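Everything below concerns the one structure shown next.
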Amino acid sequence: MEKICVAVRVRPPVSSEPSNGTYWKVEDNRISLHKVHGTPISALSYAFDHVFDESCTNARVYELLTKDIIHAAVEGFNGTAFAYGQTSSGKTFTMNGSETDPGIIHRAVKDIFAKIQMISDREFLIRVSYMEIYNEEINDLFAVENQKLQIHESLERGIFVAGLREEIVSNAEQVLKLIDSGEVNRHFGETNMNVRSSRSHTIFRMVIESKAKDTDSVCDHLSTDAIRVAVLNLVDLAGSERIAKTGAGGVRLKEGKHINKSLMVLGNVINKLSDGAKQRGHIPYRDSKLTRILQPALGGNAKTSIICTLAPEEVHIEETKGTLQFASRAKRITNCVQVNEILTDAALLKRQKLEIEELRKKLQGSHAEVLEQVILKLRNDLLKYELEREKLQMELEEERKSHRERDQCIQEQQMKIVDLSNPLTSSDFDPNSGQDSERQGLKEECNDSNIICHGDAFRTPCFKAAPKAFVVKRSDYSMLPDYSPLPDTFSNVADEDTWLKMNKGYIADLDSLQLTPARKVQSFPSSDATPPSLINIPTTHGREDFEQTRLWLKTYSSKNHKQEVQHLKRQLLIATEERNELERKHAEQILLNHQLMDEISKIQQEAKLIQEIPKRLGESVECCKDIYEDVLSIIQSFVSDEESSTSKLVSSTSEIGITLFKTLETHFSMAMDDHSSFTGNNSLIQKQCKVLYEKLNSTITSLVLSQTPTVENKQLRAKRCSCENKGCTQDGQTACWEEELSNELNTIKERCYGLEKELDFNNQLLVVSKERYDSLETEFQLLKEDRDHLHQMVSESSRKLALVADQKENVLKDLNTEVQRRKNLEEEIKQFSAAFASRQRSLVSFQNDVKSKCEKLRAQYLVSVPKRSVPKSLGC
Ligand code: ADP
Ligand code: MG
């Protein structure tokens, strides 16, 4: 484990204006903010591996910060050096330098070649590339036509930019010339802060391959020596900027936004990495092209140094603090660095060795310098040819990818349609109609044809990679948590999206992963879908093989295309049917909804009536109370003696009755206000009714008893009789009263009986009403829920309907684009085959030229020095 080396560099101030409040002070490896009169501001002091003040030169920065990384790259370690900081703080100055003080890139290039010269026991092959990330798109600075390049990843090559031009170089001057030519293509722009502000991130990349020189055998083709491959990235980032300060608008503003966004992602990655291995979690490398390309350098297999440049002016204090915080976090990152040794054909050095050795043999006797130049040219030609092949391969892969995506889209659509139809078919509306089973059959058929599509020749053949096919000691970063482990049955190239899906837990369809066009012939498993003549996919460089591939692609693509069109047509038919069905069900649902709404309004009216019942009961209770009071007052008028037991009984009965009526009144008024209390107190009323009933009974009984002749009564009667005997008229009156009283009593009894009956009836009515009310309430709730559910279903159905319609349109569009793409690809294949043939012709003629030249040279040499023997080997 190795920490990232972080340094800070303060550029000279632009203006000589004295600071008003604060200034940055550099002491040894520390930078701190001080007040003008000298006191340091606490908490704003930072220590780094190196802190360079404004007087520091690029030479010193290189010496202390980058040199080790460059030397390690020559030894086979990946290395990355990048400059980070706000705009106009000196990043480009540090990386590119000036005429008098060349920057890190210039010095690194010179240093690498000087170092190689000193290593006599290894042979080296160096190739360079130069790219920029402008508005989140990767452009090739060596070849303007290579724009919007894509990032890919393979086990062999790790993360790489497909189609990026690489030049094999043999000396520093050649590299510097190439860089100058690349600089011309770089995006610069004028802002308020920098007249030549870098509007893109640039990555200058050197791939250094080396292997031990063969000692005994000159042409040991079968040598299995490990080849070291180191990738060195020298990165000049675009500066973060505040739109207000840079005065950016229009194009500049758009650039600024892209720059800030990718720097923010870089900051996020650094933050996560600085958390330490345990808390890290997912590192968002894929959020920007910059972090994706620099992934191995950030927390991976690379020696990394960061130089953070600062603008010392007081106006930039906030940006400076931000940069220092970024640097502090970066300091905590550790990388796991290893020498990258590989034993496979992945190393260009290895691949070209055979051809070169052959040439060397042929050119034996030529002048060494001429020989080297011829070899270099040939190497570059071979590399270009390889890159071109790779580009075409990528295009084919893109094509396959779009094919896959479309298949997936159709599958998803199918799934959605199935999802849509499931809840509907399972509902009561249209159970198991014959049409459904027909459609199901059609769906299955489509699924089958999908399987056939997957089983086509574009599918990854199920080959088991030879266990030692890639004995790779490098690229440990591919084992980092951000990556999903790759089964060995997978191809060793997975495009960005596939990887992304895999890393996000998407269960990858193994068949949809693409096979890396192998360098050796791979056998496809025999399948019905694979034409027997195409079992062996031609992948070698020969023209015959290429023709075969082309023919195969053409035949297969047109056949496949027809199948797909038919398949899509069927899909469309299903989708249309589904849509019609949905529309019909939608109409049905609307009708049902109306009916339900009617029913709901009826129930609501009924509920209203039920709610009025307590009110009506209350009214009848009031009426009863009046009658009761009348009766009581009459009874009381008959009871003259207030002390008698009858009077007491009547008054207690009156009290009970009044309490009962009061309770009833409050109860009903409460019931009118609140339904729940209406039901709750019912038992209490019944109890009170019972008490009243008993009391009334006992009153009546006692009253009746008072009518039967007791001793007292007998005496009274006797008295009366005596009075009667006296012929008093009062007796007749008394008898009349008695009769009246008994009549009244009977009436009261009847009324009381009637009242009891009415009360009973009311109670029963109350119970029934309550039950009815309850059931209606539940029914109402259920209907309400049903209605809501239906509403939801209807809106969901309409949404899905719209979605299906959209998808249908998209599929049609895709189909058209696909047809167009296929045409284009066929055209390109034609062109490529022509170009390939001409290239092959030129190569053959070139080889013949070289041959004849060699012959000539040899003849000349033999003529001029006839007696000296020809040297055995040149540089082998
Ligand atoms: P950036 O790339 O960070 O936007 P530049 O490297 O373009 O900034 O620097 C802006 C200006 O400051 C340039 O004119 C550059 O020459 C000058 N400059 C930056 N750093 C230094 C330095 N250390 N010494 C001298 N001049 C510098
Ligand atoms: Mg710059």
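A few comments on the model shown:
- Calculated FRET efficiency for the pair residue 380/residue 830, C-beta based, R₀ 22 Å, to 0.05: 0.25
- Projecting the Cα positions of 293, 306, 330 onto the charge dipole of region 282-333 (unit charges on Cβ atoms of Lys, Arg, Asp and Glu, taken about the Cα centre) puts 293 furthest along the positive direction.
- Other-chain or far-sequence residues with amide H under 5 Å of residue 85's (modelled H): 240, 309
- FRET efficiency, 1/(1 + (r/R0)^6) with R0 22 Å, evaluated for residue 789 and residue 602 via beta carbons: 0.65
- Coupling constants for region 66-82 follow from the phi torsions by the Karplus curve (6.51 cos²θ - 1.76 cosθ + 1.60, θ = phi - 60°), and in residue order they are 10, 3, 4, 5, 5, 5, 5, 4, 5, 7, x, 9, 5, x, 9, 10, 9 Hz; glycine and proline get x.
- When the surface is traced with a 1.4 Å probe over the full set of protein chains, residue 148 keeps roughly 130 Å² accessible.
- For residue 78, the amide hydrogen comes within under 5 Å of the amide hydrogens of 231, 303, 338, 340, counting only partners 5 or more places away or on other chains and with H modelled in the peptide plane.
- Which of 584, 570 is most accessible, then next, and so on - probe 1.4 Å: 584, 570
- Of all accessible heavy-atom area on region 773-837, the percent that carbon and sulfur account for (1.4 Å): 52 percent
- Cut-off 14 Å between beta-carbons: net charge of the residues surrounding residue 70, Lys and Arg +1, Asp and Glu -1: +2
- Whole-number accessible area per residue in Å² for region 773-837, which is evaluated in the context of all protein chains at 1.4 Å: 61 Å²
- Cross-link check: pairs 177/401; 3/321; 384/813; 177/823; 115/853 evaluated at a Cα-Cα cut-off of 31 Å; pairs beyond the cut-off: 177/401; 384/813; 177/823; 115/853.
- For region 789-802, 3J(HN,Hα) per residue [Karplus equation, 6.51 cos²θ - 1.76 cosθ + 1.60, θ = phi - 60°, Hz, x = Gly/Pro]: 4, 5, 3, 4, 4, 5, 5, 5, 4, 5, 5, 5, 4, 4
- Residue order for 634, 293 - accessible surface, 1.4 angstrom probe, largest first: 634, 293
- Largest-first principal axis extents of the Cα set of region 773-837 (Å): 92, 15, 7
- Shown in residue order for region 145-160 are the 3J(HN,Hα) couplings computed by the Karplus curve 6.51 cos²θ - 1.76 cosθ + 1.60 at θ = phi - 60°: 6, 7, 10, 6, 6, 10, 8, 10, 9, 9, 5, 5, 9, x, 8, 8 Hz (x for Gly and Pro).
- Calculated SAXS-style log₁₀ I(q)/I(0) at q = 0.18, 0.21, 0.22, 0.23 Å⁻¹ - region 287-329, Debye, Cα scatterers: -0.67, -0.79, -0.82, -0.85
- Less than 5 angstrom separates the built amide H of residue 201 from those of 133, 238, all sequence-distant by 5 or more or on a different chain.
- Per-residue accessible area (protein heavy atoms, 1.4 Å probe) orders 806, 49 as 806, 49, starting from the largest.
- Segments 587-596, 178-187 sorted - mean Cβ within 10 Å per residue, highest first: 178-187, 587-596
- Shown here for region 54-163: chymotrypsin sites (Phe, Trp or Tyr not before Pro) in loop regions (DSSP other than H, G, I, E, B) with at most 10 other Cβ atoms within 10 Å, of which there are none.
- Förster radius 22 Å - calculated FRET efficiency between residue 99 and residue 184 (Cβ-Cβ, nearest 0.05): 0.80
- Estimated inter-spin distance, residue 839 and residue 408, nm [label 7 Å along Cα→Cβ]: 3.0 nm
- In a reduced charge model with +1 at each Lys and Arg Cβ and -1 at each Asp and Glu Cβ, region 14-90 shows a dipole moment near 220 debye about its Cα centre.
The values are calculated or read from the model by the stated rules, or taken from the named source; none is laboratory data. The shown structure was predicted, so the numbers you read here are calculated from the model rather than taken from an experiment. Glycine also receives a Cβ, built like all others from the backbone with ideal geometry; neighbour counts cover every protein chain displayed. Heavy atoms of the whole protein, side chains included, go into the accessibility calculation; ligands, DNA and RNA do not. Shrake-Rupley method; radii C 1.70, N 1.55, O 1.52, S 1.80 Å.
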